[in-house]
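The values are calculated or read from the model by the stated rules, or taken from the named source; none is laboratory data. Note that the structure is a prediction, hence the values are computed from the model and not measured. We place every Cβ from the backbone using ideal geometry, glycine too, and count neighbours over all the protein chains shown. Remember, those area values only see protein heavy atoms, side chains included, never the ligands or the DNA or RNA. Shrake-Rupley method; radii C 1.70, N 1.55, O 1.52, S 1.80 Å.
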Amino acid sequence: MKNFRKTGRGRIRRARLISFTFDDRQYQGFVGDTLASALLANGVHLIGRSFKYHRPRGFLGAGSEEANALVTFDRGPGRVTSNVRATTLELFDGLVAYSQNNYPNLKFDLGAINDIFSMMFPAGFYNKTFMWPKSFWDKVYEPVIRKLAGLGPAPTEADADHYASLYGHCEVLVVGAGPAGIAAALAASEKGDRVILADEQNELGGSLLSNPEARIDGQLAWQWLDKSLETLWLRKNVTLLSRTTVIGYYHDNFLGLVERLTDHQGDINPASPRECLHRIRAGKVILAAGAIERPLVFAGNDRPGVMLASAAQTYLNRYGVAVGDNVAVFTSHDSAYETAFDLSDAGVKISSIIDLRADVSEILLQQAHERGIAVLTGTVVCGTKGRLRITGVRVAKFQNQKVSNGTEHIACDCLLMTGGWTPSVHLFSHSKGSLKWQDDIGAAVPDMANENTLSVGACNGTFGLSAGLEEGSIAGGGGNPFRTEETEFGTGQTWQTLPTNRDPSRIKAFVDFQNDVTEKDINLAVLEGFKSIEHVKRYTTTGMATDQGKTSNLNAVQIASKAIQIPVQKIGLTTFRPPFTPTSFGALVGHRADDLFDVTRKTSIDGWADDNGAVFEPVSLWRRARYFPQGNEDMHAAVARECKATRNELGIFDASTLGKIEVVGPDAAKFMNLMYTNPWTMLAIGRCRYGLMLHEDGYIMDDGVIGRLADDRFHVTTTTGGAPRVLRMMEDYLQTEWPDLNVWLTSTTEQWAVIALNGPHARKLLEPFIDGIDLGPEAFPHMAVREGTIFGVETRLFRVSFSGELGFEINVPAHYGRALWEKLFNAGKAYGITPYGTETMHVLRAEKGYIIVGQDTDGTITPDDAGMSWAIGKKKPDFVGKRSLARADIQAPGRKQLVGLLTTDPNIVLEEGAQIVATPGQSVPMTMIGHVTSSYWSTTLNRSIALAVVKSGRAQTGSNIYVPMPEKTHEAKICATVFYDPKGERLNVV
Amino acid sequence: MVKYSAGSLFANALHGHKKWPKQWPDAAPKTSYDVIIVGAGGHGLGAAYYLAKKYGITNVAVIEKGWLGGGNTGRNTTIIRSNYLYDESARIYDHAVDLWDGLSQELNYNVMFSKRGVLMLAHSVHDVQSFQRHIHANRLNGVDNQWLSPEEAKAFCPPLDISPGARYPVMGAALQRRAGTARHDTVAWGYARAAAALGVDIIQNCAVTGIKRGTDGAVRGVETERGFIGANKIGVSAAGNSSVLMQMAGLRFPLESYPLQALVSEPVKPVMPCVVMSNSVHAYISQSDKGELVIGAGTDQYISYSQRGALHILEHTLASICEIFPIFKRMRMLRSWGGVVDVTPDRSPILGKTPVPGLYVNCGWGTGGFKATPGAGNLLAYTIARDEPHPINAPYTLERFKGGRLIDEAAAAAVAH
Amino acid sequence: MLLIKCPYCEEERPEIEFSYAGEAHIVRPTDPSKMDDTAWAEYLFIRDNTRGVHYERWYHIHGCARFFNAVRDTISDKFIMTYKMGLPRPADVEIAKVKE
């Protein structure tokens, strides 16, 4: 294999050869190489196949703008990444990569048949076809289209790596560590401002890395670079971030940066995150993102070996690799000459420089002449030869806007092209800054900024080393201390499609390489009436590939502008959208994975439940014990046992997730009157009341038992999921509508652990351990609250019941929760104590007809719908939601009302959510009059029970309704919502 | 209108594709029309098409401030489904799905409606109850929607993680088989082409600056950047900008406009066979025919017309996606973007007449307007043509907010306990 | 992520500390029972949804827990000013001055 490495050039470390594998073939390269440079050093140009036509493709560029060289980077199970640019993939010993989108292999790809029939696949062809016969779309066309889709393989296993993130703050963020960016960072950091300098490449230096001959302050570029970076490195106020891409520029100078930490390392330290997301808030942002060279649009411009000139310069000067033995250069810009001269000076034969322009600077011509390079001015490339690698070009004279018919063949194994330069205004556009068209460079540059940002250097349309250094330094708050010696950057022309002497309809001149968009596609879009550049983009998919049009956008705009006959200034650009380059989902997920994704809230008693075999269920952010199976019990058996034990003996339940809010202050009762439907003024100290809270629109929002501990103090409980929104609504009204009320609100959900004891033995268990509270039935009646101690620990003891049995809810400071639970559990064994979970809690409450907000109500249920008009303080002039209850449709007859249901067959447990109809045997669509909200097997009653909402349900008590299920229609009778102990006698067992 | 087919494609290929006619002419505004539709998204263009096609009104202009299909039509995640709970919702969305099926043939434009199925994941007992309620209601309404066990869901969508130890375990799923996706841009283009062929004028880059009303209060036409255009019937179908247009007619609406983001990954080989939605975890995902994962993100919390969303919204979205699909964590985000969605208090649309005679409105579709495109277009056309709502959109009045007869799908599904 | 100045904390803090709380200066009627359905619906649901200068409320939920008012341009998302709850709506001239 021939070696294209040039001695004495490049920044690679030649001390040790390392091996890597591409498409199962082993090659060698050096540390400091990219996969691209190492393959080129081995003479490999063929790297991939295009998306649509499967045309063979080589390296277009040398950086993140690359359109063609996408590979699959395989680091083993859970570490396979598709669509990685070979031009940015750093080489390490043992690296493995594969080409994509070809079958059976890269050199012989069956998909290339698309290229032969490409006339059938112009832009938008799929809009016009695949419609007949209709059924074929689902069964034939679409499945085939989908099968052909995609570039790299989809992942098959979970990511083996993890990711990190952090926040950062600085006075100045500099994006891009080329000369302009470094100059900006030097100046900005001098005064002590915190400066972050970020660059996407593995080395800081930008264009200087490819331009070692330039001189700054009398030093060679790389010396100056080393010295400048050292200066920055030593300043404590400077953070240098290499391998860090600024992905997006968001509101108020907030930017996202992704730093790659391990993809370049041969050995992965599993403790290290793969990537880190830096979320930076910057006082000022200096954009020094550089410019991207633009391809020329001519027939066969996509052949492997056709490459941007700047890329060849980078491969030579940074990696010590010659891109060919016999290189032709095709340009409309002076900058390509420098590349040609560098290659020539390195001993590479330059077969010719083909310049579109008739007039070229005498100096350049002289310099070419000195090197013996033929320059063909006023000449155009009309075609290229070769299949898997370019072998030559056909050129013709281009004079007075005409291309002559005669063509000349020039042999070459590589063709470098330069069609001008496109400032990288991506981030400036993300920030919603406006752009203006600059005719002399044929590109858009930043105009009005929307954030505190400055663009400097090439991304601002300011080309050339000295101009960039000066602009950067001034933006950083400094002067211009630099003296430079450089080759003039020069000038050039930008073009649309290049003129040709061939039939334009028979050639393919590519604009977007990856998506296979040709200039014909763009012209077709315009022919068909697409006049907006956004339409052209979407119709042709130009600029929509994984490179987001970095090399293609401006050519597309200029071609469309010519076709539409609207000046390019007026046609505008398509919108740049974040991220700047494709960004791992993992980097944005960060730590929010596995156990840290929405951290589970657990009560202090959760551990005991876990130790004792509880099955859990997620309830809002909490997890709660659902039931406690013993032996081989299923949920049904466990719940039956738990219910029975609670009704007959004693059940213990962790109610700590209940939301709790302390409402305190002289106006507390007044405030409660406004927030809840119930009246609170007359509630005696030490008594509790069931509270119902509405949204201002009149629908039930939350409920809970509320105890009055003092004249000015209420202990409010809310539903498990409702606590934050209840507190928020309370704060909102208190602060904004009734700020004159003297009330304080405090969330105490996490302060208290709550243990509910329910069952006939509840008092007996509790009594010996309580101090300071008389538990006697008269002294401490149902719906009362007392403060005292239990086992010497302060407690708020509620006598309340959500089961219908004698019940207590013991609140103790949360960290005593588990200790208290264990003490009660151990002492309770004498009374047959049984722990129960949410499922039993649901059954017990349903037997008593107690609703669960969110299950029996759904955000469209009023108090009256729920049968709870009794909870409304009739004499209160106002409370949140009151006025809405008087609205016409809320007062109208026929609303759905909560009722009980008893199935005719007592063994049928209706499905929750099942729909109810008035008469059986209807055809679809049936007239639904309600649905089952809660439904259980009641062990206590030895039959099924259900709650439902039914239109005008209460008036139909005693009537039958029907529940049509797929297999059978069930019959049920409407009844009262209380199924068990309607008189409430069990609350008062002694 | 030249008929699109494989045959015409072949014939044109022989001519180097140089003879295709314009898909729609770029019309200059006439002085007046019978009907003006404001907003050339899928809904507005659909309304114009159906006015011409079904209701015989061809003297119609569609006026658009930017380029057609450039708003939410071209910015959404293209999910199409109709498994809604309430009768009113099921009817309006199922009407749309009926029209989606066959739309490519009707328009002679392949909108790529792909009935790949929409899978909605249940992650809690509450979700299960809620989904069962939907499924039963849908069954009795004749809308397809079926319950899948976690294993069945996994079989239908292999990348899904159904391990019981997950933070939000998959406890089952509701599957609507005839739901799916379509190619968003082509819907707008297909309607535009078909409407133009029937004589509708499509006027782009022509912002409406005022709505003129006569002394009787009725509309007379619109003021635009290109002058006054008369019409006695105006239909506004302007999504995020509906409030602004309604104010031009002196109406204040129960709407708020929020930024909504979406993103796509780089294209990879087929891996997601269907659409998956998880309301609890906030994840909405499918894979396009090109191979990109198409992912819906949440809205930002504040009102905005900037079409610009925040990074932390994307972070949360991708965390949710990777929670349900851990294998996607190494995939890469290619492009993210924002739209402006107009949301009503009950998250259902307003589609019908307004208090101003001759002014009709179609707005408030929130995050779900794309799926309704053909239905909303047809119903708006019907309402304009007959000056009365179709029975399907009759409940979607502005007045419902006064009386309280809301159509609140979210309230019916979302309240946790 | 917006940068928001809490008028109580007198500090600029990132948006994730705050919760948006809807349009500002919508006063709950002192006697809702005297209002007809139309006026009540107006209070409940009708919003300016302004494209441009918008008066809105924010809640410093992960900070001082105070609700406050803000004026923000909904086209650029830029805050023009924030001010304490209870202060009157700033006059247009005042806003124009700050925007300068």
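Put simply, of B:Y49, B:Y55 the only residue that is in a loop (DSSP other than H, G, I, E, B), in contact (Cβ under 8 Å) with a residue 40 or more places away in the chain and more than 13 Å from every other protein chain (Cβ to nearest Cβ) is B:Y55. Among residues of the stretch A:273-285 that are over 19 Å from A:G181 (Cβ atoms), those with a Cβ under 6 angstrom from a residue that is surrounded by fewer than 19 Cβ atoms within 10 Å (Cβ to Cβ) and among the polar types (S, T, N, Q), sequence gap 6+ or separate chain, pair up as A:R274/A:T262. Entry remark, the stretch B:22-37: residues being open to solvent by 10 Å² or more (accessible area, probe 1.4 Å), more than 27 Å from A:I522 (Cα to Cα) and hydrophobic (A, V, I, L, M, F, W, C) number 0 in total. Identification of strands (runs of 3 or more DSSP E) wholly contained in the stretch C:14-82 with 3 or more residues that are at pLDDT below 95, among the acidic types (D, E) and more than 19 Å from A:R725 (Cα to Cα) yields no element. Here the helices (runs of 4 or more DSSP H) wholly within the stretch B:144-261 that include at least 3 residues being within 14 Å of chain C (Cβ to nearest Cβ) are B:242-248.
One line per residue, one yes/no per condition, for (1) assigned to a loop (DSSP other than H, G, I, E, B); (2) at pLDDT 95 or above:
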residue: A:G10; (1), (2): yes, yes
residue: A:R16; (1), (2): no, no
residue: A:A36; (1), (2): no, yes
residue: A:K52; (1), (2): yes, no
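Of all residues in the stretch A:707-754, those being within 40 Å of the chain's Cα centre (by Cα), under 23 Å from A:A784 (Cα atoms) and part of a loop (DSSP other than H, G, I, E, B) number 6. Considering every residue within the stretch A:750-759, establish whether at least one is without any contact (Cβ under 8 Å) to a residue 60 or more places away in the chain and either within 14 Å of chain B (Cβ to nearest Cβ) or of a type in the set (A, V, I, L, M, F, W, C) (or both). So far as the stretch A:750-759 goes, no, none of its residues is without any contact (Cβ under 8 Å) to a residue 60 or more places away in the chain and either within 14 Å of chain B (Cβ to nearest Cβ) or of a type in the set (A, V, I, L, M, F, W, C) (or both).
Residue-wise test of (1) open to solvent by less than 10 Å² (accessible area, probe 1.4 Å); (2) within 18 Å of A:R796 (Cβ to Cβ); (3) of a type in the set (S, T, Y); (4) in contact with a helix residue (DSSP H, G or I) (Cβ under 9 Å, 6 or more places away or on another chain).
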| site | (1), (2), (3), (4) |
| --- | --- |
| A:K660 | yes, yes, no, yes |
| A:V663 | yes, yes, no, yes |
| A:P666 | no, no, no, no |
| A:T677 | yes, no, yes, yes |
| A:T681 | no, no, yes, yes |
| A:I685 | no, yes, no, no |
| A:Y690 | no, yes, yes, yes |
| A:M693 | yes, no, no, yes |
| A:D702 | yes, no, no, yes |
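Only helices (runs of 4 or more DSSP H) whose full extent lies in the stretch A:522-623 are considered here, and the ones with at least 2 residues that are closer than 30 Å to B:V2 by Cα, open to solvent by 10 Å² or more (accessible area, probe 1.4 Å) and without any contact (Cβ under 8 Å) to a residue 60 or more places away in the chain are A:533-540, A:553-564.
Condition check ((1) more than 30 Å from A:I12 (Cα to Cα); (2) modelled with pLDDT of 90 or more; (3) surrounded by fewer than 22 Cβ atoms within 10 Å (Cβ to Cβ)) across all residues:
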| residue | (1), (2), (3) |
| --- | --- |
| A:T87 | no, yes, no |
| A:S99 | no, yes, no |
| A:N102 | yes, yes, yes |
| A:M120 | yes, no, yes |
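Residue under question is A:N3, and the condition is that it be assigned to a loop (DSSP other than H, G, I, E, B) and either open to solvent by 40 Å² or more (accessible area, probe 1.4 Å) or assigned by TED's automatic domain parsing to the domain that holds A:A309 (or both); does it hold? Judged against the criteria, A:N3 is a match.
Within the stretch B:110-120, the set of residues being within 12 Å of chain A (Cβ to nearest Cβ) and out of contact with any Ser or Thr (no Cβ under 6 Å at 6 or more places or on another chain) comprises B:M112, B:F113, B:K115, B:R116, B:G117.
What residue, of A:D226, A:D252, is open to solvent by 10 Å² or more (accessible area, probe 1.4 Å), in a helix (DSSP H, G or I) and within 30 Å of A:F489 (Cα to Cα)?
Just one listed residue meets the conditions, A:D226.
Residues considered: A:V924, A:V989. Of these, the only one that is open to solvent by 60 Å² or more (accessible area, probe 1.4 Å), of a type in the set (A, V, I, L, M) and more than 21 Å from A:M868 (Cα to Cα) is A:V924.
Scanning the stretch A:543-594 for residues that are closer than 16 Å to B:L318 by Cα and touching a Lys or Arg at 6+ places or on another chain (Cβ under 9 Å) yields A:P578, A:P579, A:P582, A:T583, A:S584, A:F585, A:G586, A:A587, A:V589, A:A593, A:D594.
All told, A:M868 falls short of being closer than 25 Å to B:G404 by Cα, buried (at least 18 other Cβ atoms within 10 Å of the Cβ) and within 12 Å of chain B (Cβ to nearest Cβ).
Within the stretch A:896-919, residues that are free of Cβ contacts under 8 Å to residues at least 60 places away in the same chain sit with their Cβ atoms under 6 Å from residues that are outside any strand (DSSP E or B) and open to solvent by 40 Å² or more (accessible area, probe 1.4 Å), at 6+ positions apart or across chains, in these pairs: A:Q897/A:R954. Among the conditions (1) more than 30 Å from B:K233 (Cα to Cα); (2) in contact with a Leu (Cβ under 7 Å, 6 or more places away or on another chain), the only one that B:T354 does not satisfy is (1). Where strands (runs of 3 or more DSSP E) fall entirely within the stretch B:309-395, those with at least 1 residues that are of a type in the set (K, R) and closer than 22 Å to B:N76 by Cα are at B:332-343.
This table checks each residue for (1) open to solvent by 50 Å² or more (accessible area, probe 1.4 Å); (2) more than 12 Å from chain B (Cβ to nearest Cβ).
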residue: A:T81; (1), (2): no, no
residue: A:L106; (1), (2): no, yes
residue: A:G111; (1), (2): no, yes
residue: A:D138; (1), (2): yes, no
residue: A:E142; (1), (2): no, no
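If you go through the stretch B:363-405 and keep only what is within 12 Å of chain A (Cβ to nearest Cβ) and touching a helix residue (DSSP H, G or I) at 6+ places or on another chain (Cβ under 6 Å), you end up with B:P395, B:F401, B:K402, B:G403, B:G404, B:R405. Scanning the stretch B:349-358 for residues that are touching a Lys or Arg at 6+ places or on another chain (Cβ under 9 Å) and either crowded, with 24+ Cβ neighbours inside 10 Å or basic (K, R) (or both) turns up B:I350, B:G358.
Here B:I350 does not qualify as farther than 30 Å from B:I285 by Cβ and away from chain A (no Cβ under 14 Å). Please determine whether any residue of the stretch A:9-31 is in contact (Cβ under 8 Å) with a residue 60 or more places away in the chain and within 30 Å of the chain's Cα centre (by Cα). No, there is no match, as no residue in the stretch A:9-31 is in contact (Cβ under 8 Å) with a residue 60 or more places away in the chain and within 30 Å of the chain's Cα centre (by Cα). The single condition among (1) in contact (Cβ under 8 Å) with a residue 12 or more places away in the chain; (2) open to solvent by 10 Å² or more (accessible area, probe 1.4 Å) that A:V381 does not meet is (2).
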